[in-house]
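Throughout, read-outs are computed from the coordinates displayed, never taken from laboratory work. All values reported here derive from a predicted model rather than from experimental measurement. Note: ideal-geometry Cβ built from the backbone for every residue, glycine included; neighbour counts use all protein chains shown.
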Amino acid sequence: MKETIYTIPVTEAFETECECPLCTLETKLENEYVDYVLGASLMEPDSRKLTNDKGFCRKHFEMVYKKQENKLGLGLIIDTHLIEQNKKFNRLTGFTPNYENPNKPLEDNDKVKVMSLKSALGSIIGGGKKKSRDSDEEEAGGGFNIDKIISFIDEYEEKCYICDKLNYTMDRYIEVIFYLYFNEPDFKRMFDSGKGFCFPHLKALLSYSKKYDSKKREQIVSIMLKNQVDNLERIEKEINWFTKKFDYRYESEPWGNSRDAIPRSINKLTGPCRLR
């Protein structure tokens with residue numbers, strides 16, 4: 001098989017004994033991106049601009065925190081990220097932060113001052129005319145546009161610097177898989193004899209197959225689905241045998257491949273998991 005810098009990670013993943021080679025690829029990439037975030041990217045202005053804007057999802061915040069290798073670096077990332085997000089959030093609420101004692105709630109007089117300033121600015125911008133409420137939600141929220149604040153949080157929850165890099169590279173790897181399948185007989189044999197994929201990566205492969213004509217699509221999809229059916233049946237039998245091993249009647253029987261059937265089954269159903 002002719003190998004290049006693009007095909008080597010893919011072929012190595014398919015040579016690995018696993019339930020889903022794309023999970024192997026994704027896990028390796030994920031670890032590399034976590035190391036990158038806490039290392040080289042710290043001093044790269046373009047990367048810091050992106051982490052300031054996107055931050056990380058819950059999973060990847062946990063991963064970069066648990067590395068415990070560069071607490072200062074992570075602190076700097078969170079610091080500038082919070083500065084960026086606080087500016088956006090403050091504009092939506094109309095409040096200004098109480099920097100002198102951030103743990104002390106605003107007194108009633110302070111709240112009046114803030115809201116009075118907001119009203120005065122609104123009058124100036126509006127040419128002295130009273131500004132109407134944007135919506136019933138805004139009126140019910142005491143002058144705040146609650147829907148905009150909820151939308152801000154919704155958008156924030158969907159952003160993640162590592163997820164974006166991961167999704168982009170995984171999409172490129174799926175392109176490589178299809179290229180190799182139709183152009184490299186050795187890879188095709190390896191693909192056809194594999195253990196199938198997890199459901200999320202099977203979905204990604206099936207979706208990408210739509211880019212091919214019906215003849216090629218049927219060729220690869222028929223193999224994929226047949227393999228998936230066979231291997232789902234295999235892993236169901238393995239997990240079933242795992243449960244039977246707790247019955248005294250089967251105590252002396254060999255475990256076979258069932259000892260780690262639980263994490264492999266979860267992997268098959270949900271995608272990359274850090275269970276071991």
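A few notes on this one:
- Long-range tail of P(r) for segment 206-276 (Cα pairs > 14 Å, %): 68
- Solvent-free Debye calculation, one equal scatterer per alpha-carbon of segment 150-207: log10 I(q)/I(0) at 0.16, 0.31 Å⁻¹ equals -0.65, -1.20.
- Long-range Cα-Cα pairs in segment 142-245 (distance over 20 Å), rounded percent: 57
- Each residue of segment 254-263 is assigned a 3J(HN,Hα), and the resulting list reads x, 6, x, 9, 8, 4, 10, 5, 5, x Hz, derived from the Karplus form 6.51 cos²θ - 1.76 cosθ + 1.60 (θ = phi - 60°), x at Gly and Pro.
- The packing ranking of peptides 248-260, 45-57, highest mean first, is 45-57, 248-260, where packing means the average number of other beta carbon atoms within 10 angstrom of each residue.
- Summing charges over neighbours of residue 244, with a neighbour being any other residue whose Cβ is under 12 Å away from its Cβ, gives -1 when K and R count +1 and D and E count -1.
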